[in-house]
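In what follows, a single structure is set out as structure tokens and then discussed.
The values are calculated or read from the model by the stated rules, or taken from the named source; none is laboratory data. Because the structure is a prediction, the values reported are computed rather than measured. As a convention, Cβ positions derive from the backbone with ideal geometry for all residues, glycine included, and neighbour counts pool all protein chains shown. With ligands, DNA and RNA removed, areas are computed over all heavy atoms of the protein, side chains included. Shrake-Rupley method; radii C 1.70, N 1.55, O 1.52, S 1.80 Å.
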Amino acid sequence: MGMKGKIALGAVVGVVVIGTVSANAGNGGKDAGSGSSGKDSSASATHQPGGKKDSGGAEAAEKKKAAFDGDGDYQVGSDIKPGTYRTTGNTDGMCYWERAKDASGETDSVLANDNVTGTSYVTVKPGDKLFKSTGCNDWEAVAPKAKGTPASSMDGDGGMFEVGTDIAPGTYKSSGNTDDSCYWERAKDAEQGLDSVIANNNVTGTAVVTISSTDAYFKTTGCGVWKKA
């Protein structure tokens, strides 16, 4: 279902990774934290990830120079440095990115990829050889310990949210999902490989998920608005 004949490895609609806690889960089965800031705060596809900031901080964030353009092939180590990057405000579903172990262009070279609506975070590893981006808004580098005031609700088609920065941990409910195009995922990192997935599901009807304080990210596509219970 990815562009260019590629399959999105980390978030394949119609394929559910069993959410049993394993060595890959990274949260030890702990319950979600109950911390929340601002009952009516909301994270969306167009909001600036990182939560609310003072006006000076928000202005500085808006003026932050992009790390690299949303269209292009980039050699890791020479064109771009390893690290975590973010693209936001992708509204047409045409944003496609790919981490690759070589420049052959073959399916076997793909380490992770995705088609994005809203926001996406991706961690480019030192061992990656190529990062591809097509139809995305510009990518910006993400600070290792970004801070923000996490929201207690989020756009169900907003893409990817950083737990503790963009959204607060806790139990969330999404209603009005009329078919199984609603997909959610709890992730332990932004590498976006299959090993990154703690749990996920395709949902029809009402969806309920507990996001742990030890989760790193939460992905949501095609769902109704999520509100903290």
If we sort 145-154, 98-107 on the protection proxy, mean other Cβ atoms within 10 Å, highest first, what's the order?
-> 145-154, 98-107
At q = 0.30 Å⁻¹, the log10 of I(q)/I(0) for region 107-147 from a Debye sum over equal Cα scatterers comes to -1.37
With θ set to phi - 60°, apply the Karplus curve 6.51 cos²θ - 1.76 cosθ + 1.60 along region 177-192 and write out the HN-Hα couplings as whole Hz, x wherever there is a Gly or Pro.
-> 7, 7, 8, 7, 6, 6, 10, 10, 8, 9, 10, 8, 7, 9, 5, 6
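Could you work out the percent of alpha carbon pairs in region 76-229 separated by over 23 Å, rounded to a whole number? Intermediate values should be presented prior to the final figure.
Values: 4229 of 11781 pairs.
For region 76-229, the share of Cα pairs beyond 23 Å comes to 36 percent.
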Length released on extending from SER78 to LYS129, taking residue separation times 0.36 nm less the Cα-Cα span | 17.4 nm
Given the Cα-Cα distance of ASP71 and THR171 and 0.36 nm per residue of separation, how much length would full extension add, in nm?
-> 32.4 nm
For labels at LYS145 and SER181 in the simple 7 Å Cα→Cβ model, what's the distance in nm?
-> 4.2
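Probe of 1.4 angstrom, ligands and nucleic acids ignored: what's the accessible area per residue over region 176-215, in square angstrom? Don't skip to the answer; put the middle values down first.
Working: 1500 Å² over 40 residues.
That works out to 37 Å² per residue.
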Residues with amide H under 5 Å from that of GLY159, placed H, sequence gap 5 or more = THR119, THR220
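Taking Cα pairs under 8 Å and at least six residues apart, what relative contact order does region 96-169 come out at, in percent? Please list the in-between numbers first.
Working: 98 pairs, mean separation 24.1, N = 74.
Taking the mean separation of contacting Cα pairs over the length of region 96-169, I get 33 percent.
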Please pull out the direction-averaged projected area of region 111-194, using the convex hull of its alpha-carbon atoms, in nm² to one decimal place.
-> 7.0
With x for Gly and Pro, the residue-by-residue ³J(HN,Hα) of region 197-211, computed from phi through the Karplus equation 6.51 cos²θ - 1.76 cosθ + 1.60 at θ = phi - 60° and given in whole Hz, is 7, 7, 7, 7, 6, 9, 10, 10, x, 7, 10, 10, 9, 9, 8
Long-range HN-HN contacts of ILE211 with modeled amide H, under 5 Å | GLY170, THR171, TYR172
